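Visitor: Handing you a structure now.
The values are calculated or read from the model by the stated rules, or taken from the named source; none is laboratory data. Just so it is clear, the model here is predicted, and its values are computed rather than measured. FYI the Cβ positions are ideal-geometry reconstructions off the backbone, even for glycines, and counts take in every protein chain you see. The protein model used for the area step is the full one, side chains on, heavy atoms only, and it has no ligands, DNA or RNA in it. Shrake-Rupley method; radii C 1.70, N 1.55, O 1.52, S 1.80 Å.
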Amino acid sequence: MSVHELPVVPEVDRDAFRNAMARLGSAVNIITTDGPAGRAGFTASAVCSVTDSPPTLLVCLNRSASVWPTFRDNGHLCVNTLAAGHEALSTLFGGKTPMSERFAEAGWHTLATGSPLLEGALVSFDCKVSQVVSVGTHDVLFCEVLALARNDDSHGLAWFDRGYHHLLRQDAR
């Protein structure tokens, strides 16, 4: 298919952008924090690597989200990348369920920052927020990774075309 055959959207409004983003597959993560401002967590797909020196991720968080003040005030978080089978937990953390009920549905540990680390996550990145940049409705949190935990026994979970999909691990090569 050539560029000339691609459908063109003449105006990139909010709905056109959201529909286009549904075509961009991503890992599913539960972002957690615990500290003086309280315990909170939310589901996010807007997470990516920034650099490996120092190890840094970015997480996007809507400033109108109920959890935003808790993350802002605690200043640290854990990015828990979900495994296949965590769909219900993802949905729970993506809704309006009270925090105590969200966290009661899984087992949790802590590493360096005290942010909740999900038992059975593919990988958990325990981070301090090193910088915040506001863009439109969201804050982009730059998160320096202080510790991590890996689970090499599970398959992955992705979000694509407004639905969950399992990613099968390849045998070691």
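Visitor: Can you say whether PRO36 is at pLDDT 95 or above, closer than 19 Å to PRO116 by Cα and open to solvent by 30 Å² or more (accessible area, probe 1.4 Å), as far as the supplied structure shows? Please lay out each step first, then the result.
Guide: Numbers: at pLDDT 95 or above: yes; closer than 19 Å to PRO116 by Cα: yes; open to solvent by 30 Å² or more (accessible area, probe 1.4 Å): yes.
For PRO36, the condition - at pLDDT 95 or above, closer than 19 Å to PRO116 by Cα and open to solvent by 30 Å² or more (accessible area, probe 1.4 Å) - is met.
Visitor: Next question. Just the residues that are more than 13 Å from GLN131 (Cα to Cα) and either assigned to a strand (DSSP E or B) or of a type outside the set (S, T, N, Q) (or both), please, taken from the stretch 40-53. Break it down into steps so the answer makes sense when it comes.
Guide: So in the stretch 40-53, the residues more than 13 Å from GLN131 (Cα to Cα) come out as 40-49, 51-53.
Listed by number, the residues that qualify are ALA40, GLY41, PHE42, THR43, ALA44, ALA46, VAL47, CYS48, SER49, THR51, ASP52.
Visitor: Name, by its number, the condition in (1) closer than 19 Å to PRO55 by Cα; (2) modelled with pLDDT under 95 that does not hold for LEU111.
Guide: Among (1) closer than 19 Å to PRO55 by Cα; (2) modelled with pLDDT under 95, the lone unmet condition for LEU111 is (2).
Visitor: Does the stretch 30-39 hold any residues that are farther than 21 Å from SER90 by Cα and assigned to a strand (DSSP E or B), and which are they?
Guide: Once the filter is applied, which keeps residues that are farther than 21 Å from SER90 by Cα and assigned to a strand (DSSP E or B), the stretch 30-39 yields only GLY35.
Visitor: Check LEU111, LEU89 and return the single one that is in contact with a Ser or Thr (Cβ under 9 Å, 6 or more places away or on another chain), open to solvent by 40 Å² or more (accessible area, probe 1.4 Å) and either within 15 Å of LEU61 (Cα to Cα) or touching a residue at least 12 places away in the same chain (Cβ under 8 Å) (or both). Steps first, answer last, please.
Guide: Details: LEU89 fails: open to solvent by 40 Å² or more (accessible area, probe 1.4 Å).
On inspection, the qualifying residue turns out to be LEU111.
Visitor: Also, I was wondering about something else. Select the helices (runs of 4 or more DSSP H) contained entirely in the stretch 68-130, then report the ones holding at least 1 residues which are within 14 Å of the chain's Cα centre (by Cα) and over 18 Å from LEU157 (Cβ atoms). Full working, then the answer.
Guide: Details: elements: 68-74, 87-93, 99-104.
Fully inside the stretch 68-130 and qualifying: 68-74.
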